[in-house]
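Contents: one structure, followed by commentary.
The values are calculated or read from the model by the stated rules, or taken from the named source; none is laboratory data. Keep in mind it's a predicted model, so treat the numbers as computed, not measured. Note: ideal-geometry Cβ built from the backbone for every residue, glycine included; neighbour counts use all protein chains shown. Surface accessibility is based on the protein's heavy atoms, side chains included, excluding ligands, DNA and RNA. Shrake-Rupley method; radii C 1.70, N 1.55, O 1.52, S 1.80 Å.
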Amino acid sequence: MTTTRRGLSLLLVAGLGLVAASCGSGDDETPAAGDGPVTITVGCQPPKSNPKEREAWDADVAAFQKAHPNITVEGKDAFPCINPDTFQAKLAGGTQEDVFYVYYTDVRKIIEKKQAADISQYVGSVSKVKDLRADVMSVFTDGDKTYGLPRNNYNMGLVYNRKLFSQAGLDPANPPKTWDEVRAAAKKIAALGPGYVGFGEYSAGNTGGWHFAAELYARGGSMVSEDGKTAAFNSPEGKAVLQTLQKMRWEDNSMGSKQLLQWEDLMRMMGAGKLGMMVGAPDVVQSVNNDFKGKFEDYGVTAVPESEGKFSLSGGDGYMFNPKASPEKIKAGLLWLEFHELTPGQGQFNYQRSKEQGRPVGLPIPDLYGDRAPGQEINALRKQYATVPVDNFAPYVSAQGNITNKLEPPKAQELYAVLDVAMSAVLTRKDADIDKLLSDAEGKANKILAKNT
């Protein structure tokens, strides 16, 4: 879950006739998806309360419709884009938009319940689909069938205070790659004086279990078995997560005495310049800057220690198609998605416009293409129009080619609540029995997963 999504709840087509540069370029109008006029409804239009993004969306719709005069795009705004109280009801009743917005964690269930159209015979016309990261596209595929396209993708990293690194005699351009290096750096930062915390960790409000999963994945572990029916975190990797935190808290004294922290607590500490490191996605830096009085230039992001060659807890969102949508609507929707979500320099990747609007440019998300050609082009545009220090994210970006994205487990929030207990125990009790904590959590998790299946 990104920072925005957790904060709120706890916050691509050259084929079919589209030439990316034609939209808004003044070129001759290109043919639409079908012979006759077609109207598509599209979810997650930015709300009027977000005027800059709404302005950009409206401009993109106008440019797209000029290039495709037979297609009308009707955006449906909502904030947040998914309301859990109504989303499932809309799916069950088939009243979702023609092109509807989804979180990655909902996709599998939607496919199983046949609540989205199979777009396999049409998606090949999306020119850049072959360049999308395989682990990202796998979210929307089932066997040889495709049911949607991504809009956003991120994975967890290690957020650190570059200013504190320098003060502690550490090199901010060479952040920790192992947990032993994290421990050593955290001790030096904590030694700066009273109130300084080397490494901060969550352990309440389901956030502790969330970070347990992130650190478990980075070590190569899994939360659940391959079939999703039983817990798998009572493992050497799971034990290592808790052992490291217990040692940092009680042997190193580098985590501070205040524990049972939740989402906002670490953000506030990072913004105040008192926290050296925390696990988080790159948008943590944006939130710290915008909402907690931090400064972009003071922070950096790298990969979660020891995750290279293994996994990183990931998430994101994208679009699927109403199963009632006609072939004409699906083709038109794919044209829109390629233009608005998947084309470098256009739609969400129009960084020149974002800079002109005063929106931050330079964060290394979304990461849809990895180091394939479109990804390299997007990164070059980010750097060209950057309003934040891109080099501060270089360690994170350079590691991505060797990390596989891994989604949250089934029944994620319930499992996270169970593991909050283990996380809080090792951070509040010096003599906490890690083996018993994991065994107890495993038993509770198995009951939750059995109920789920």
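Might you let me know whether segment 70-82 holds any residue that is over 30 Å from GLN357 (Cβ atoms) and out of contact with any Pro (no Cβ under 6 Å at 6 or more places or on another chain)?
Looking through segment 70-82, none of the residues is over 30 Å from GLN357 (Cβ atoms) and out of contact with any Pro (no Cβ under 6 Å at 6 or more places or on another chain).
Looking only at segment 270-298, count every residue that is closer than 23 Å to ASP180 by Cβ and more than 14 Å from the chain's Cα centre (by Cα) and tell me the total. Explain how you work it out, then say what you get.
First, the residues of segment 270-298 that are closer than 23 Å to ASP180 by Cβ: 270, 275-280.
Narrowing the set further to residues that are more than 14 Å from the chain's Cα centre (by Cα) leaves 270, 275-278.
Adding up the residues that qualify gives 5.
Wholly within segment 337-453, which helices (runs of 4 or more DSSP H) include no fewer than the required count, namely at least 1 residues that are in contact with a strand residue (DSSP E or B) (Cβ under 6 Å, 6 or more places away or on another chain) and open to solvent by less than 50 Å² (accessible area, probe 1.4 Å)? I'd like the intermediate steps shown before the answer.
Values: elements: 351-357, 373-384, 394-399, 412-428, 434-452.
Once the helices (runs of 4 or more DSSP H) in segment 337-453 are filtered for at least 1 residues that are in contact with a strand residue (DSSP E or B) (Cβ under 6 Å, 6 or more places away or on another chain) and open to solvent by less than 50 Å² (accessible area, probe 1.4 Å), what remains is 394-399, 434-452.
Can you tell me how many residues within segment 274-294 are open to solvent by 40 Å² or more (accessible area, probe 1.4 Å) and either modelled with pLDDT of 95 or more or polar (S, T, N, Q) (or both)?
Quick first cut of segment 274-294, residues open to solvent by 40 Å² or more (accessible area, probe 1.4 Å) only: 274, 286, 289-291, 293.
Next, only the ones that are either modelled with pLDDT of 95 or more or polar (S, T, N, Q) (or both) stay: 274, 286, 289-290.
Of the residues in that region, 4 qualify.
Given segment 1-104, what helices (runs of 4 or more DSSP H) lie entirely inside it while holding 1 or more residues that are modelled with pLDDT of 90 or more?
Here the list reads 51-67, 84-93.
Is it true that ARG382 is among the basic types (Lys, Arg) and in contact with a Gly (Cβ under 7 Å, 6 or more places away or on another chain)? Before you say what the answer is, go through the steps one by one.
Numbers: among the basic types (Lys, Arg): yes; in contact with a Gly (Cβ under 7 Å, 6 or more places away or on another chain): yes.
For ARG382, the condition - among the basic types (Lys, Arg) and in contact with a Gly (Cβ under 7 Å, 6 or more places away or on another chain) - is met.
Identify, from the list GLU306, GLU328, the residue that is open to solvent by 10 Å² or more (accessible area, probe 1.4 Å), among the charged types (D, E, K, R) and assigned to a loop (DSSP other than H, G, I, E, B). Give the derivation first.
Working: GLU328 fails: assigned to a loop (DSSP other than H, G, I, E, B).
Answer to the check: GLU306.
Could you tell me which numbered condition ILE71 fails, if it satisfies all but one of (1) under 17 Å from LEU337 (Cβ atoms); (2) open to solvent by 60 Å² or more (accessible area, probe 1.4 Å); (3) in contact with a helix residue (DSSP H, G or I) (Cβ under 8 Å, 6 or more places away or on another chain)?
All conditions are met except number (2).
Here are the criteria: (1) in a loop (DSSP other than H, G, I, E, B); (2) touching a helix residue (DSSP H, G or I) at 6+ places or on another chain (Cβ under 6 Å); (3) open to solvent by 40 Å² or more (accessible area, probe 1.4 Å). Tell me which single one LYS258 does not satisfy.
The failed condition is (2).
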